[in-house]
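The values are calculated or read from the model by the stated rules, or taken from the named source; none is laboratory data. Predicted, not measured: the structure shown is a model, and the values here were computed from it. For neighbour counting, all protein chains shown are included, and Cβ atoms are generated from backbone atoms with ideal geometry for every residue, glycine included.
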Amino acid sequence: MTRAFVVVMDSVGIGGAPDADRFFNGAIPDTGANTLAHIAQACAEGRAEDGRSGPLHLPNLDGLGLGAATRLASGAETPGLKATPAGLWGCAREHSPGKDTPSGHWELAGLPVPWDWRYFPDTTPSFPADLTRAAAEAAGADGILGDCHASGTAIIAELGAGHMRTGWPICYTSADSVFQIAAHEESFGLDRLLDMCRALAPRLHEMKVGRVIARPFVGTPEDGFTRTTNRKDFAILPPAPVLTNWVQDAGRRVHAVGKIGDIFSMQGIDTLRKGSDAELMGHLSDLVDEAEDGSLAFANFVEFDSLYGHRRDISGYARALERFDHEIGVILQKLRPGDLMLLTADHGNDPSWIGTDHTREQVPVLIAGQGARQIGAVNFADVAASIAHHLNIPAQGPGKSFL
């Protein structure tokens, strides 16, 4: 048997989405956004020198076809990324009506989202009054703080002291279809926060809000507050079987790394390994060593998006890409004959763009272990169909294999 490893580089878009004009950051359409190309151009022009220097250096990803895929998707210049691809390479387009994490991952797993997500308005208050009351009741508090669009780090800096004084949870949202709840792990309690999210999730999911996210933090008003790694997403359940279910139904094992367990509500998943991106790379390396024949490992590396894309930090994003490239290069050398490793993304988050939201872009599809050729422009759902083909299991949904 063969094995498959699907690695999502969260938000590493490559521009060129044909419907980008229908998606916005504020009042500005995403037309022209290009996460990878704009980072490469900034590096080449000396505009990304914080903690790194010079042109963007991604020999392993570019060797698989990253630069070529970016040029295919958008025609954009990719300084420093000019390798002749040694892997299968192409670009993929999303059809779901969203540029968020669940939409991208579900469609990569073979299930285009069949509805429009609910988003909260960028007003204060942002939430309906009945939802605010329900949130306070679920917390056992007299009210909530926040009730607005906000950056997670900024809002805990602003409201953390008041939260500790009152015991009211900090509830906020973003341009994504999310309801986020920040609370102090010690003064409020981690279990209490998770119970609150668990109680509210069915109500939010019925509204077609994609995720309720627990955002625990620690610290003091004097020394400042820091979010912990105990984040948990309570995601809406996929309404039909996805790739992970297909693999399990065929009697195979599925190993999730990072946010994958939350994104798919643990559907079709046998084991889950979590942590920082650095820790996740260790988990992925272990799975390449240990995963069973015929198994699927599905990984998400979120910090490109969460730490650098939303914060519009070009240098930080470039550093993360170069670190990832080095580490994934070591892992690629350990693949067994017959293994397939597919690297892709779920949306864009151009750190050079206006606003703080994701950007509607195509994504790279880079495949190691299966020879070298161009697969061209494909659809997100084709990723799942191709993994099923490689594992020799039945596929469902609209995707077609490009293998």
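Annotations for the structure displayed:
- Boolean, residue 330 is surrounded by fewer than 22 Cβ atoms within 10 Å (Cβ to Cβ), touching a helix residue (DSSP H, G or I) at 6+ places or on another chain (Cβ under 7 Å) and β-branched (Val, Ile, Thr): no
- Candidate set from the range 350-395 (those that are polar (S, T, N, Q) and farther than 25 Å from residue 176 by Cα); member that is farthest from the chain's Cα centre (by Cα): 392
- A residue that is at pLDDT 95 or above, part of a helix (DSSP H, G or I) and farther than 21 Å from residue 305 by Cα occurs somewhere in the range 37-57.
- Residues of the range 79-118 satisfying the condition of being small (Gly, Ala, Ser), more than 21 Å from residue 297 (Cβ to Cβ) and either buried (at least 24 other Cβ atoms within 10 Å of the Cβ) or within 20 Å of the chain's Cα centre (by Cα) (or both): 90, 96, 98, 103
- Test: residue in the range 121-128 that is assigned to a loop (DSSP other than H, G, I, E, B), modelled with pLDDT under 95 and within 21 Å of the chain's Cα centre (by Cα): no
- Filtered residues of the range 85-104 (kept if outside any loop (DSSP other than H, G, I, E, B) and modelled with pLDDT under 95): 101, 102, 103
- Selection of the range 352-387 for residues being surrounded by fewer than 23 Cβ atoms within 10 Å (Cβ to Cβ), over 16 Å from residue 90 (Cβ atoms) and modelled with pLDDT of 95 or more yields 352, 353, 354.
- The residues of the range 249-276 that are buried (at least 21 other Cβ atoms within 10 Å of the Cβ), on the phi < 0 side of the Ramachandran plot and either acidic (Asp, Glu) or within 16 Å of the chain's Cα centre (by Cα) (or both), listed by number, are 256, 257, 259, 260, 261, 262, 263, 264.
- Any chance residue 63 is free of Cβ contacts under 8 Å to residues at least 40 places away in the same chain, in contact with a helix residue (DSSP H, G or I) (Cβ under 9 Å, 6 or more places away or on another chain), buried (at least 24 other Cβ atoms within 10 Å of the Cβ) and under 20 Å from residue 374 (Cα atoms): no
- Test for residue 72: is it outside any loop (DSSP other than H, G, I, E, B), of a type in the set (A, V, I, L, M), out of contact with any helix residue (DSSP H, G or I) (no Cβ under 9 Å at 6 or more places or on another chain) and modelled with pLDDT of 95 or more: yes
- Neighbours by Cβ (under 9 Å, 6+ apart or cross-chain): first from the range 27-46, touching a residue at least 12 places away in the same chain (Cβ under 8 Å) and within 15 Å of residue 347 (Cβ to Cβ); second assigned to a loop (DSSP other than H, G, I, E, B) and basic (Lys, Arg): 30/99; 30/360; 33/360
- Check on residue 396, touching a Cys at 6+ places or on another chain (Cβ under 6 Å) and buried (at least 17 other Cβ atoms within 10 Å of the Cβ): no
- Listed by first and then second residue, the pairs linking a residue in the range 388-400 that is farther than 13 Å from residue 339 by Cα to a residue that is acidic (Asp, Glu), with Cβ atoms under 7 Å apart and 6 or more places separating them unless they lie on different chains, are 399/382; 400/382.
- Lone unmet requirement of (1) within 22 Å of residue 377 (Cα to Cα); (2) crowded, with 24+ Cβ neighbours inside 10 Å; (3) not polar (S, T, N, Q) for residue 76: (2)
- When the range 1-34 is filtered for residues that are of a type in the set (Val, Ile, Thr) and either assigned to a loop (DSSP other than H, G, I, E, B) or under 20 Å from residue 367 (Cβ atoms) (or both), the ones remaining, listed by number, are 2, 6, 7, 8, 12, 14, 31.
- Applying the set (1) out of contact with any Leu (no Cβ under 9 Å at 6 or more places or on another chain); (2) closer than 27 Å to residue 324 by Cα to residue 274 leaves exactly one unmet item: (1).
- In the range 15-48, the residue that is surrounded by the fewest Cβ atoms within 10 Å (Cβ to Cβ) out of those that are within 15 Å of residue 320 (Cβ to Cβ) and more than 21 Å from the chain's Cα centre (by Cα) is 42.
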